[in-house]
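Below is one structure, written out as structure tokens; the observations come after it.
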Amino acid sequence: MKQIEVVAAVIQQGKRVLATQRASGEFKGFWEFPGGKPEKGESLEEALIREIQEELGVLIAVKSYIHTIHYDYPDFHLVMHTYFCSILKGKPVLLEHSAAKWLLKEELKEIQWIPADINLLQYLNF
């Protein structure tokens, strides 16, 4: 089975974290923590900073590692490295997503997450 490695940002602002809604693809309308695939030669942290700049137009600081999620989709195995982050500069702009929400911890289970991201919720202590 093909393996895809990605990075994802749990962007914190006070007691809330940012969730973004997919605008297209198989999971259109589902919510996720933003991120993407590292490019050759990039560290995971460098990839995360670049991906969030491309997707949301903000500069982030990668604060701390959370967990690596392994999830089997029908066509591939996902390895998702996750990090707590904060915004250093800018306000999120939806460049690739259809919506974004700042959610309190107790609100996280109120939206429909893509499958791999559901597994991350148990590791979020903020």
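The values are calculated or read from the model by the stated rules, or taken from the named source; none is laboratory data. Computed from a prediction, not measured in an experiment: that's the story for all the values here. Quick reminder, even Gly has a Cβ in these numbers, built from the backbone with ideal geometry, and neighbours come from all protein chains shown.
F76: in contact with a Lys or Arg (Cβ under 6 Å, 6 or more places away or on another chain), touching a residue at least 40 places away in the same chain (Cβ under 8 Å) and either within 23 Å of Y123 (Cβ to Cβ) or not hydroxyl-bearing (S, T, Y) (or both), yes or no? Spelling it out, F76 is indeed in contact with a Lys or Arg (Cβ under 6 Å, 6 or more places away or on another chain), touching a residue at least 40 places away in the same chain (Cβ under 8 Å) and either within 23 Å of Y123 (Cβ to Cβ) or not hydroxyl-bearing (S, T, Y) (or both). Does region 100-109 include one or more residues that are under 13 Å from the mean Cα position of the chain (by Cα), outside any helix (DSSP H, G or I) and loosely packed, with under 15 Cβ neighbours inside 10 Å? Yes: one or more hits.
When only residues in region 67-99 that are assigned to a loop (DSSP other than H, G, I, E, B) and among the hydrophobic types (A, V, I, L, M, F, W, C) count, which is surrounded by the most Cβ atoms within 10 Å (Cβ to Cβ)?
Restricting to residues being assigned to a loop (DSSP other than H, G, I, E, B) and among the hydrophobic types (A, V, I, L, M, F, W, C), the top hit is L94.
Of all the criteria given as (1) of a type outside the set (A, V, I, L, M, F, W, C); (2) within 23 Å of G14 (Cβ to Cβ); (3) surrounded by fewer than 15 Cβ atoms within 10 Å (Cβ to Cβ), the one not satisfied by E39 is (2). Looking at region 44-61, is at least one residue exposed (fewer than 14 other Cβ atoms within 10 Å of the Cβ), in a strand (DSSP E or B), modelled with pLDDT of 95 or more and within 13 Å of the chain's Cα centre (by Cα)? No, region 44-61 has no match at all. Using the structure shown, decide if E5 is acidic (D, E), closer than 20 Å to N119 by Cβ and part of a strand (DSSP E or B). Considered against the rule, which asks whether it is acidic (D, E), closer than 20 Å to N119 by Cβ and part of a strand (DSSP E or B), E5 comes out as yes.
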